[in-house]
1. If LEU11 satisfies every condition in (1) open to solvent by less than 30 Å² (accessible area, probe 1.4 Å); (2) closer than 24 Å to GLU110 by Cβ but one, which is the exception?
2. Name every residue in region 83-97 that is open to solvent by 100 Å² or more (accessible area, probe 1.4 Å), more than 17 Å from TYR17 (Cα to Cα) and not aliphatic (A, V, I, L, M), in order of residue number.
3. Which residues, taken from region 64-80, are closer than 24 Å to LYS108 by Cα and surrounded by 15 or more Cβ atoms within 10 Å (Cβ to Cβ)?
4. I need the full set of residues from region 62-114 which are of a type outside the set (A, V, I, L, M), over 15 Å from ILE39 (Cβ atoms) and assigned to a strand (DSSP E or B), in order please.
5. In region 14-31, which residue that is surrounded by 18 or more Cβ atoms within 10 Å (Cβ to Cβ) and closer than 18 Å to ALA107 by Cα is modelled with the lowest pLDDT?
6. Considering region 4-20 alone, what residues qualify as being touching a residue at least 12 places away in the same chain (Cβ under 8 Å) and not in a strand (DSSP E or B)?
7. From the list LYS40, LYS36, pick out the single residue that is in contact (Cβ under 8 Å) with a residue 24 or more places away in the chain, open to solvent by 90 Å² or more (accessible area, probe 1.4 Å) and outside any helix (DSSP H, G or I).
8. Of all the residues that make up region 28-63, how many are within 17 Å of LEU88 (Cβ to Cβ) and within 15 Å of the chain's Cα centre (by Cα)?
Amino acid sequence: MAHVDYECMFLFNANAYARNPAAAAAAVEEIVGAVKGEIKVSRLWNEQKLAFPIQGQRKGVYWLVYFSAEATLLPKLNRACQLNDMILRHLVIKLDPRLVEPMIAIAKGEAVPRAGGDLLTADVVVGAEDDEEESEESEVLAT
């Protein structure tokens, strides 16, 4: 079977993460390794207050992982996530093959060349929304 590329966002219990941050990375490696997956990028995304309590927790730690694995083994990954006490929630998304390299490069903090010749970085992606709002405001003020 061919390997498929996935993006997975884990939501860890913030208290358990604070006690042992290395356990989160180890849990991700163990879960992906159990389905014979290959981790391409694994990193801390964010720690923040949750919109609503999940399993009694009001704060969570988001962990982003890009990996490749066989699609037939995803139920095994889902079950391993459900059994892990540190993981409050998880979401696995199949990546479009055209997006794999740029997404991984941005997650690693590397620049990605765009069609116009300039470079796309994580700062550009985050700041893109702000630039659009500023340009719309300037157009309104100009009229």
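The values are calculated or read from the model by the stated rules, or taken from the named source; none is laboratory data. Bear in mind that the values here come from a model prediction, so they are computed numbers and not experimental data. We place every Cβ from the backbone using ideal geometry, glycine too, and count neighbours over all the protein chains shown. Calculation scope for accessible area: heavy atoms of the full protein, side chains included, ligands and nucleic acids excluded. Shrake-Rupley method; radii C 1.70, N 1.55, O 1.52, S 1.80 Å.
1. LEU11 satisfies every listed condition except (2).
2. Our first condition is that a residue be open to solvent by 100 Å² or more (accessible area, probe 1.4 Å); within region 83-97, this holds for 83, 85, 89, 91, 94, 97.
Checking which are more than 17 Å from TYR17 (Cα to Cα) leaves us with 91, 94, 97.
Matches in region 83-97: LYS94, PRO97.
3. Step one: filter region 64-80 for residues closer than 24 Å to LYS108 by Cα, giving 64-70, 77.
Selection gives LEU64, VAL65, TYR66, PHE67, SER68, ALA69, LEU77.
4. TYR62, ARG89, LYS94, PRO113
5. It comes out as ALA24.
6. Of region 4-20, the ones touching a residue at least 12 places away in the same chain (Cβ under 8 Å) are 4-17.
If the condition is that a residue be touching a residue at least 12 places away in the same chain (Cβ under 8 Å) and not in a strand (DSSP E or B), then ALA14, ASN15, ALA16, TYR17 are the ones that fit.
7. Details: LYS40 fails: open to solvent by 90 Å² or more (accessible area, probe 1.4 Å).
Just a single option satisfies the conditions, and that option is LYS36.
8. Count: 10.
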